[in-house]
Each structure stands twice: as C-alpha cells, then as structure tokens.
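This report refers to the structure that appears directly beneath it.
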C-alpha cells in the first residue's frame with residue numbers, strides 16, 4: 001500500500017539550470033492517495049512523462065523528495081519501488097509466449113513455478129488473454145500487446161501503483177474505449193493506485209476520479225472532472241478543458257464599470273467590486289481577465305437585459321449543438337447554442353451568465369464572492 | 001476476399017529484370033557450365049565428358065581435405081567473431097564523442113585491402129623484424145608460421161578475427177541502437193537481470209542483423225583467398241590451403257578448365273545451399289509453433 005507524496009519536487013535535464021525555463025518540472029508539492037484513480041493531463045512537453053518517470057524511479061529528481069508512505073525513495077531504483085509502468089508503445093518480449101511474458105516479472109523474483117501458473121492464469125483471465133497464452137507475443141495485435149504489458153504489472157502481488165504513460169496512443173478508437181473500461185474494472189477490483197498520463201481530456205475524465213492538469217512543469221489544478229470544468233483554477237485549465245475552451249477577456253476598471261476595451265461589461269456588483277479591488281492593488285501587473293465558458297453565453301437577435309452587441313462571424317452545426325463564433329471588441333469568442341436555437345443574423349446580442357463569469361488575476365482564479 | 005483477376009501481362013514487367021540478371025549472372029555462369037561438361041584440348045578439339053569432371057572432383061582427396069579445412073575455418077571464425085562482435089557492440093559507448101571515436105577505431109581494419117592485410121600480418125609475424133613473431137620468440141615460444149601448421153592456423157584465424165570482427169560489431173551496434181529506451185525501462189520495472197535483458201530483449205532484437213552478419217561472414221570466409229595466400233602461401237605443406245587457392249592453382253596454374261569449372265560449380269552450390277538452409281532455419285524459428293501442450 002502506498003501513498004505517494006512529492007515534496008518540493010523539481011527536475012531539470014540541464015546539469016546547471018539557470019532559469020525557470022530550464023526546468024521540466026517546477027517546484028511542486030503533491031499527494032497521490034492510496035487506491036485512487038488519477039489522471040495527469042496536459043499538452044505535449046508539459047512534463048507529464050518526466051513526472052511519471054520520477055515517481056517510478058527511472059529518473060532521479062534534481063530537487064525535492066519522492067516519498068512512498070512517508071519513506072524517502074529518491075535513490076531507490078524502479079525495481080525496488082513496487083510500482084509497475086505501462087509505456088506509450090507496448091513493450092513485450094518478442095521471443096516469449098504470452099504466458100512467459102506474463103510470468104517474466106514473477107520468475108525474475110524467483111517465484112516458485114507452482115505459484116506462477118495460477119497467478120498468470122488469473123491475470124490472463126481478467127485481461128481476456130487466456131486464448132492467446134501459447135502464442136508468441138511477437139505476432140499479437142497492438143491492443144493485445146498493450147494488454148500483455150499491463151498484465152506484467154498486474155501479476156506481481158507487491159505492486160501498489162501502476163503508472164500509465166499514454167498507454168492507448170497506438171490502439172484503435174473502438175478498442176480504446178474497451179481497454180479504458182477494463183482499466184477501470186481492474187482498478188475497482190484491486191486496490192491499486194493508478195496514475196494515467198494523457199493529453200486527451202475525454203480519456204482523463206472517463207478514467208480518473210481526480211485529474212491533475214499540468215502546464216509548463218507545474219500542476220495548475222487538481223480536482224474532479226466537474227471541478228475542472230466548472231471552476232478552472234488557471235486560465236490554462238479553462239482553455240484546455242472543454243471543447244471549445246473558455247473565452248477570456250482582458251479587462252480593467254474605469255468609471256465604476258468593468259471595461260473590455262471600449263465595451264462596458266454587464267457583470268454582477270460583486271464582480272465589479274473584485275475587479276476594482278484588483279485594479280487598485282495589482283496596478284503594476286494589471287493582468288486581470290474574465291473567463292466565461294461557451295456553454296454559458298446566451299445569444300439573441302434582439303437586445304436582452306445585461307447584454308452586449310456582437311458581430312456573428314460563423315455558425316457551425318455540430319449535430320447536438322451549434323457552435324457560434326462571434327467578435328466582440330475585435331476578439332473572437334465561441335458560444336455553444338443548444339439544438340433548435342433560433343437563427344441569428346450578422347449582428348446580435350450576447351448575454352454572459354453572471355454566475356459563471358470567473359475572475360483571473362495573473363492567470364489564477366480569484367473568487368469574486370458571488371453565488 | 002480472394003477474387004483476383006488472372007492477368008499474365010504482369011510477366012512483361014519481369015522481363016527487363018530477367019534480361020539484366022541474364023547478363024549479370026546466368027550467361028557467365030552458363031559458360032562455366034559449358035566448360036564443366038567438356039574436355040577442352042585446343043581451340044578445335046573438345047569432347048563431351050558428361051558428369052566425369054564432377055565425379056573426379058568430388059572424389060579428389062586433396063580437394064576433400066581442402067573442403068574440410070575450409071569448413072573448419074569458417075566455423076571457427078564464426079564461433080569467435082559472432083560472440084566477440086556482440087560483446088564489443090554491448091560495451092561500445094552509446095553517445096558523445098567517445099561513440100564516434102570508437103566507431104572510427106573499430107572500422108579501420110575493414111578499410112584495409114585483403115592483400116595489404118596479408119602483408120601486414122606477414123611482416124608482423126616474422127621472427128626477425130615482426131613485433132609479434134619476435135616478441136613471442138623472446139618469450140621463449142617456438143613460434144613459426146612457415147614450419148608449424150598450428151601456428152599458421154592460429155595466425156590466420158587471428159588475422160581474420162582482427163580484420164572482420166568489426167563488421168559484426170558494427171552491425172550489432174546499429175541493431176542495439178535501434179532498441180527503444182522503453183524496453184530497458186520496462187525490463188528494470190520487471191526486475192530483469194542483466195542476463196535476462198540480454199537474452200530476452202537485446203538478443204531477439206539482434207536476430208535480423210545477426211542473420212546478415214553470419215551470412216556475410218560465412219560467404220566471405222568460405223571464399224577467403226588473398227590473406228592466407230599472402231601470409232602462408234597455403235603452407236606449411238598444404239595445412240592452410242583453402243578451396244579458392246586450390247581452385248586458382250587448378251584453373252590458372254594448370255589450365256585444367258574442365259575440372260576447375262566443375263569444381264567452381266560445386267563450390268558455388270555449397271555456399272548457396274548452406275546459406276539457404278541457414279536462412280530458412282532461422283526464419284522458421286521465429287514463427288509460431290503449432291499449439292501443443294501447455295505453456
């Protein structure tokens with residue numbers, strides 16, 4: 001059983017990092033609780049795989065500590081960490097049969113053969129590999145190979161955490177869904193901590209109970225898929241989660257109004273207050289943004305209460321909803337219209353749902369005190 | 001799914017290749033076949049002999065002895081060069097300037113012409129001025145390649161190992177470099193020992209380059225001529241007379257065109273047969289065995 005704690009962790013591939021840009025992982029603290037299903041979500045090159053390799057021990061962090069149940073394991077090699085890792089491309093031992101592949105980690109630990117066999121059969125059964133046990137692993141399909149790689153992690157009784165590094169990249173879309181379900185099933189059956197690295201938000205939210213979103217070497221938000229959607233803690237999370245991502249407006253406070261360029265925005269009084277506060281205290285940085293998800297923008301042809309005039313540039317019908325692109329103050333916005341929404345002309349009006357307008361100062365969410 | 005339309009016009013596409021192969025291989029080979037079944041006494045005097053030359057060649061004691069020597073030589077150098085080549089490839093540096101430096105150093109022997117290799121070793125092993133010959137003699141070892149068959153053999157093998165192991169090492173090195181890092185990482189997580197990593201990851205991934213290495217080295221060594229000819233001249237006695245030297249003596253020295261043609265064909269077929277058998281066996285080993293029994 002293991003609770004994985006990262007304490008003041010940072011990593012750089014340079015020998016002598018000179019600035020923040022040299023760090024693949026910037027100073028971070030994080031706890032992965034025993035038995036959780038987690039996803040590590042982020043764009044390519046944000047440090048996800050680096051972080052995973054540090055947890056598994058393939059990489060030694062340049063700063064900070066990795067703790068398993070409070071024990072420092074920085075210097076422990078992967079073979080002594082009781083973790084398993086599944087890689088992006090299936091790793092199988094070509095010349096061995098599927099059975100021997102699955103038995104390999106057990107045999108490396110000198111497990112007696114009478115205990116190897118039942119364990120391998122059990123895992124093969126869970127992964128539906130039983131009919132393939134006698135086949136050479138070399139001739140399997142990509143998804144079968146990936147199941148074999150996962151199976152090698154599952155056969156060991158001492159494994160307390162399995163790390164997945166984008167394991168479904170090479171799998172066909174229909175099979176992806178099946179394998180993800182399988183993973184979920186395995187997670188429920190064995191009390192194993194699972195950390196799943198992906199850049200696909202759908203994959204992350206179907207697999208994980210909690211998602212850590214990584215951006216530029218840092219975890220910018222750690223929460224349930226719902227929290228990530230409803231209250232993005234960082235502008236990057238707003239932009240990265242949801243399709244399309246959140247709309248952001250750089251605003252300032254002028255004459256008792258929240259101004260987006262020359263356009264006063266109709267926002268709640270609390271929000272006006274918060275923006276006013278931020279403008280006065282953060283005068284130097286002046287990086288104040290309002291964010292609103294495309295789902296919470298209402299569009300109508302005629303003027304509504306608290307609405308702003310907009311210029312509609314296009315409407316895309318995506319089946320169950322339409323995606324409307326419009327311009328406000330020369331900036332492009334996206335709004336999601338429900339099915340059967342009355343058509344709008346080139347000029348229309350947009351209403352931002354005040355409860356879902358979020359305030360970001362220096363890219364991080366600030367609670368404006370409404371709701 | 002199998003509803004192919006028979007279309008014999010495709011043969012036309014093979015025709016250019018066939019013409020090319022005819023001129024590069026078949027026609028020259030047929031002239032040899034032509035000689036092998038005739039006794040040519042002069043420009044206008046030739047007799048058809050059938051398989052007579054083939055029979056006499058196969059029953060020739062000297063040739064049989066040369067054949068045995070040739071086979072032993074090829075097997076010995078393969079047994080040394082393949083494991084040694086793999087071993088060198090495994091310990092070669094993987095990146096940085098050291099990798100380039102070692103690659104260049106290792107490749108040098110491959111760039112030296114056969115005749116020169118023979119000459120270098122001929123001088124190297126001389127008792128009076130050669131470093132190795134003189135050194136061994138100073139150490140009290142009675143080393144003399146012109147007198148002791150054992151010394152001659154050991155020297156030729158050493159020379160061939162020196163000249164050609166780099167080829168095996170380089171092929172293996174390229175094979176090893178193509179193994180993705182994830183394999184080594186997965187092996188560490190699976191707690192594989194060094195030996196297990198070699199046996200189940202590196203060696204299987206090297207199979208293809210090793211097949212090429214073995215084939216190349218077998219064919220090369222089976223045809224070896226210039227190096228032992230320059231070094232020992234086939235001696236002492238006929239201790240290091242290999243097949244191609246026997247052939248040269250017969251064809252060029254004695255102008256026995258019929259027998260040497262027959263001999264050449266047998267020689268060629270032996271190489272072809274061994275290579276084919278070896279290749280087919282290896283390729284069959286990689287297929288799934290028909291299911292039988294448990295795992």
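The values are calculated or read from the model by the stated rules, or taken from the named source; none is laboratory data. None of these values were measured; they are calculated from a predicted model. Backbone-built Cβ (ideal geometry, glycine too); neighbour counts: all protein chains shown.
Residue-wise test of (1) in the same structural domain as residue B:218 (by TED's automatic domain parsing); (2) in contact with a helix residue (DSSP H, G or I) (Cβ under 6 Å, 6 or more places away or on another chain); (3) touching a residue at least 24 places away in the same chain (Cβ under 8 Å); (4) not in a helix (DSSP H, G or I).
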residue	(1), (2), (3), (4)
B:27	no, no, no, no
B:33	no, no, yes, no
B:65	yes, no, yes, no
B:75	yes, no, no, no
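Checking the structure you have, find out if any residue of the stretch A:104-113 is within 12 Å of chain B (Cβ to nearest Cβ), touching a strand residue (DSSP E or B) at 6+ places or on another chain (Cβ under 7 Å) and in a loop (DSSP other than H, G, I, E, B). Even if it seems obvious, please write down each step before you answer.
Of the stretch A:104-113, the ones within 12 Å of chain B (Cβ to nearest Cβ) are A:104-111, A:113.
Keeping just the survivors that are touching a strand residue (DSSP E or B) at 6+ places or on another chain (Cβ under 7 Å) gives none.
No: the stretch A:104-113 contains no residue that is within 12 Å of chain B (Cβ to nearest Cβ), touching a strand residue (DSSP E or B) at 6+ places or on another chain (Cβ under 7 Å) and in a loop (DSSP other than H, G, I, E, B).
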The helices (runs of 4 or more DSSP H) lying wholly within the stretch B:104-215 that contain at least 2 residues that are under 30 Å from residue B:276 (Cβ atoms), away from every other protein chain (no Cβ under 14 Å) and out of contact with any strand residue (DSSP E or B) (no Cβ under 7 Å at 6 or more places or on another chain) are B:114-124, B:149-177
Only listed residue being over 24 Å from residue B:85 (Cβ atoms), more than 19 Å from the chain's Cα centre (by Cα), in the same structural domain as residue B:242 (by TED's automatic domain parsing) and touching a residue at least 60 places away in the same chain (Cβ under 8 Å), chosen from B:177, B:147, B:126: B:147
Hits in the stretch A:350-364 - residues which are outside any loop (DSSP other than H, G, I, E, B) and either surrounded by fewer than 19 Cβ atoms within 10 Å (Cβ to Cβ) or not assigned by TED's automatic domain parsing to the domain that holds residue A:299 (or both): A:351, A:354, A:355, A:356, A:364
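Residues are listed down the side, and each one gets a yes or a no for (1) farther than 23 Å from residue B:272 by Cα; (2) in contact with a helix residue (DSSP H, G or I) (Cβ under 7 Å, 6 or more places away or on another chain):
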site	(1), (2)
B:179	yes, yes
B:190	yes, yes
B:196	yes, yes
B:209	no, yes
B:214	no, yes
B:222	no, yes
B:236	yes, yes
B:244	no, no
B:248	no, no
What about residue B:282, is it assigned to a helix (DSSP H, G or I) and either crowded, with 19+ Cβ neighbours inside 10 Å or more than 14 Å from every other protein chain (Cβ to nearest Cβ) (or both)? no
Give B:95, B:46 a once-over and let me know the one that is at pLDDT 80 or above and outside any helix (DSSP H, G or I). B:95
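For every residue, the table says whether it meets (1) part of a helix (DSSP H, G or I); (2) more than 11 Å from every other protein chain (Cβ to nearest Cβ); (3) modelled with pLDDT under 85.
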site: A:53; (1), (2), (3): yes, no, no
site: A:65; (1), (2), (3): no, yes, no
site: A:76; (1), (2), (3): no, yes, no
site: A:79; (1), (2), (3): yes, no, yes
site: A:88; (1), (2), (3): no, no, no
site: A:92; (1), (2), (3): no, no, no
site: A:99; (1), (2), (3): yes, no, no
site: A:102; (1), (2), (3): yes, no, no
Which numbered condition residue A:322 fails, given (1) in contact with a strand residue (DSSP E or B) (Cβ under 8 Å, 6 or more places away or on another chain); (2) closer than 18 Å to residue A:260 by Cβ; (3) crowded, with 17+ Cβ neighbours inside 10 Å: (2)
Output for the stretch A:33-42, where each listed residue is farther than 10 Å from residue A:213 by Cβ and in contact with a helix residue (DSSP H, G or I) (Cβ under 8 Å, 6 or more places away or on another chain): A:37
Selection count, the stretch A:1-44, where residues are in a loop (DSSP other than H, G, I, E, B), closer than 21 Å to residue A:74 by Cβ and over 21 Å from the mean Cα position of the chain (by Cα): 7
Restricting the stretch A:138-159 to residues that are at the interface with chain B (Cβ under 10 Å from one of its Cβ atoms) and within 19 Å of residue A:172 (Cα to Cα), which is nearest to the chain's Cα centre (by Cα)? A:149
Given the criterion more than 30 Å from residue B:207 (Cα to Cα), more than 14 Å from every other protein chain (Cβ to nearest Cβ), modelled with pLDDT under 85 and in a helix (DSSP H, G or I), identify the matching residue among B:264, B:246. B:246
Given (1) within 17 Å of residue A:34 (Cβ to Cβ); (2) surrounded by 21 or more Cβ atoms within 10 Å (Cβ to Cβ); (3) more than 14 Å from chain B (Cβ to nearest Cβ), where does residue A:168 come up short, assuming only one miss? (1)
Has the stretch A:134-151 got any residue that is surrounded by fewer than 24 Cβ atoms within 10 Å (Cβ to Cβ), in contact (Cβ under 8 Å) with a residue 24 or more places away in the chain and in a strand (DSSP E or B)? yes
